[in-house]
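Values quoted throughout were computed directly from the atomic coordinates according to the rules given, and no laboratory measurement underlies them. A quick note: this is a predicted structure, and the numbers were derived from the prediction, not measured. Neighbour counts are summed over all protein chains in view; Cβ atoms, including those assigned to glycine, are modelled from backbone coordinates with ideal geometry.
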Amino acid sequence: MEKINSLIRFTLYVMIFMFPIGKAWVEICFFVSLILLLIKRAFGRNLCIPASILNVPLIFYIAAGLLSVAASVHFGISLRAFFSKFLEGIVLFFIVIEVINKKAHLQMAVKAALCAAGFICLNGIMQYYVTGGYDFIYARQMIRDGITSTFNHPNDLAGYLLLALFLTAGVLAGGAKTISRAGKYTMKDARFLGLLCLFGFIALSVILTKSRAAYLGAVVGVIFLLFLVDKKALFILLLACAGLAIVYSFVPGRNLDLLRLAPDSIREMFQNRTKTYLDVVDMIKAGPVFGHGLNTFMRCFETYKNKTVWTGHMYAHNCYLQMAAEMGIFGLLTFLWVVFTLFRRALSALGRDRDETDFLMAGLLSGLLAFLSQSGLDTNFYSVQLNAAFWLITGILVSAYNIKTGQYGNR
């Protein structure tokens, strides 16, 4: 059985490295790992799902998905979406927590994620500064002067980078104690400096996406991480933010517009999004409990599009409102229950004398909070790659929790 577990882990490492390069890698690695898991289950004659801190809310979340399919105005579309999109992320989560059950496995998953982030950032930075706006993998052009790297849109790239940014920050915080203070450099010092450079590259790449929702997510994530790691630094940061807010009011709009932060631009976005959200609320009112059905938003929203400025098929640009429209209030509440349980249990496991696993968990939590914050203004959960990233990071966080609290025993 351990050989099969090793093959599944290898497939997951490949997925972690390759999924930002293309959505096909998500599907290939998922189905390979699922087939290996089914073979393992068949030989072991064990059909039980792994126990975890999220099992109870996930059961209700799956039930909400099924009820949304049953109530769907496009039953066939919702049924296909339930098995091809909805369940895929949850199954991926359970695969991760089953086979990544030792610190060595956790470290390998983190290394794969960091290497992938470095490659994606290199591609994006070259796209902006070297290759005339085209990435060197797919020759995709920048959109609204923001880098895309291997993703279809700068906002999608930004969602991925937020997770990578805070993962790197967590590893950096855990490695800070190991830096040599004897005036003699070691390999640990070199790794720390390499991680510091990687953190800088990822931060620069987030800025170059010019995603305003990602900027907001990054601020929320930094505040949360400093709250967990260093409250004195948090106080200094808040003072700095207050100073920046004052400076912002004096900076000419044409300079701020380079980052899409000009007051007129933000005001226009706010007004247009508000009109769309009001239409989405009308859609929710028409199916408040179980929604209109999974994956039906684009088809149904045309009927409720009265105030919306934009034309054509579109997302809500607020994952939570869109989730409520498709799965109803019940579906949204069960998802929020999953998130709340994850944060509550993970935070309770953080020790006072922090070790590397604690800092890694703090980084993962901060990244998820940043990602979730961006999702309130964007489409993260409706991207195949970003949805996989969310469940992968959630699985890695729960694995870290299980390792920290001894849930895996002596395995």
Shape category assigned to segment 313-373 from the gyration tensor of Cα positions, a/c cut at 1.5: oblate
How would you classify segment 20-95 from its alpha-carbon gyration tensor, with a ≥ b ≥ c the square roots of the eigenvalues: rounded for a/c under 1.5, else prolate if a/b is greater than b/c, otherwise oblate? oblate
Would you give the gap between the C-alpha center of segment 87-119 and the C-alpha center of segment 314-349, rounded to a whole Å? 22
Return the sequence-ordered ³J(HN,Hα) values of segment 163-173 in whole Hz as given by the Karplus equation 6.51 cos²θ - 1.76 cosθ + 1.60 applied to θ = phi - 60°, using x for Gly and Pro. 4, 5, 4, 7, 4, 4, 4, x, 5, 4, 4
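Computed from the mean reciprocal separation of all distinct C-alpha pairs, what Kirkwood hydrodynamic radius does the chain have, in Å?
On the way: mean 1/r = 0.0446 Å⁻¹.
So the Kirkwood estimate lands at 22.4 Å.
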Taking the Cα atoms of segment 278-411, what is the range of coordinates along each of the three principal axes, in descending order and whole Å? 56, 26, 24
What residues from segment 12-53 fall in the zone where the backbone N is under 17 Å from a label point 7 Å along the Cα-to-C-beta line of Ile137? 12-30
Checking the table Lys111/Lys231; Lys40/Lys404; Lys285/Lys305; Lys285/Lys307; Lys3/Lys103; Lys210/Lys285 against a 24 Å threshold on Cα-Cα, which pairs fail? Lys111/Lys231; Lys40/Lys404; Lys210/Lys285
Tell me whether segment 51-152 comes out rounded, prolate or oblate; compute the Cα gyration tensor, take square roots of the eigenvalues as a ≥ b ≥ c, and use a/c under 1.5 as the rounded threshold. oblate
Residue by residue through segment 10-17, the couplings from Karplus 6.51 cos²θ - 1.76 cosθ + 1.60 with θ = phi - 60°, in Hz, x for Gly and Pro, are 4, 4, 5, 4, 4, 4, 4, 6
